[in-house]
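Structure first, commentary second.
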Amino acid sequence: MSASRIVLLGAPGAGKGTQAAQLVEQLGIPHISTGDMLRAAVAAETSVGLKAKALMDAGQLVGDDIVIAIAEDRLGEAKKGFILDGFPRTLAQAEALDGLLEKLDSSLDCCLALTADTEAVVERLLKRAEIEGRADDNEETIRERMKVYGEQTAPLLAYYRERGLLVEVSGMGTIEAVLGRVLGALDA
Ligand code: AMP
């Protein structure tokens, strides 16, 4: 069986967005990125966007209640399958996700964790900053996001490992090399 309800986990810059885009094409399922949704809310100056902007610019997490609500909206439309990218990021979000899926009579097939070397990832993010001009891609914010990942998101690895859902794949190397490993791990 190939997995189609997938949580993508990994430090900032580990390549989650890039691999998610590839998987969307390969598996034909929607990409749900809370970061993209929040950036759209900031650009549209909605009330969520106004609350989220300063936290995002500082490399901090946006509140669980806000993020859970926006994820819930999208998950309701994605019963067949999805790639969740950047959500959950805290244990409270992971527990909320389990509850949301249960309500939809669904469950996760796997948590795909992309592993990467911290310094290589900081380099990658600095390069992306030059290309995309994201406000949260300066070195100080990048280091802060790595710290937040280690403290608040890395514990999710154990959460999914305990549930028998964790699949770890190295995110280092070319996009194609990583995708090959990912598809092999997903049996897709
Ligand atoms: P990303 O594009 O996934 O790196 O997200 C960019 C920023 O959006 C993060 O640094 C957070 O400030 C915010 N964000 C995205 N997803 C979440 C989430 N699940 N929980 C809290 N904050 C989030």
Task: Helix-only [θ]222 nm of the chain, DSSP H runs n ≥ 4, -39500 (n - 2.57) each, per residue, nearest 500 - done: -17000 deg cm²/dmol
Task: Whole-Hz couplings from phi, Karplus 6.51/-1.76/1.60, listed for region 142-151; x for Gly and Pro - done: 4, 4, 5, 5, 5, 5, 4, 4, x, 7
Open item on the list: Just want to confirm a number: the relative contact order over region 33-188, from Cα pairs under 8 angstrom separated by 6+ residues, in percent.
Closed with: 25 percent
- [ ] With N denoting the number of residues in region 5-181, provide Rg(C-alpha) divided by 2.2 N^0.38 Å, to two decimal places.
- [x] 0.98
Task: Size of charge dipole - the chain - debye, nearest 20, with Cβ of Lys, Arg +1 and Asp, Glu -1, no other charges - done: 160 debye
TODO: Straight distance only, please: which lysines reach the Cα of LYS147 with their own Cα at less than 26 Å, same-chain residues fewer than 8 apart left out?
DONE: LYS16, LYS51, LYS53, LYS127
Task: C-alpha center-to-center spacing [region 32-97, region 102-168] in angstrom - done: 14 Å
- [ ] For ASP187 paired with ARG161, estimate the spin-label separation in nm (one decimal), with each label point 7 Å from Cα along the Cα-to-Cβ line.
- [x] 2.2 nm
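All of the numbers you see were taken from the coordinates with simple rules; none came from a lab. As the structure is a prediction and not an experimental result, all values here were calculated from the model. In this analysis, Cβ positions are derived from the backbone assuming ideal geometry, glycine residues included, and neighbour counts consider all displayed protein chains.
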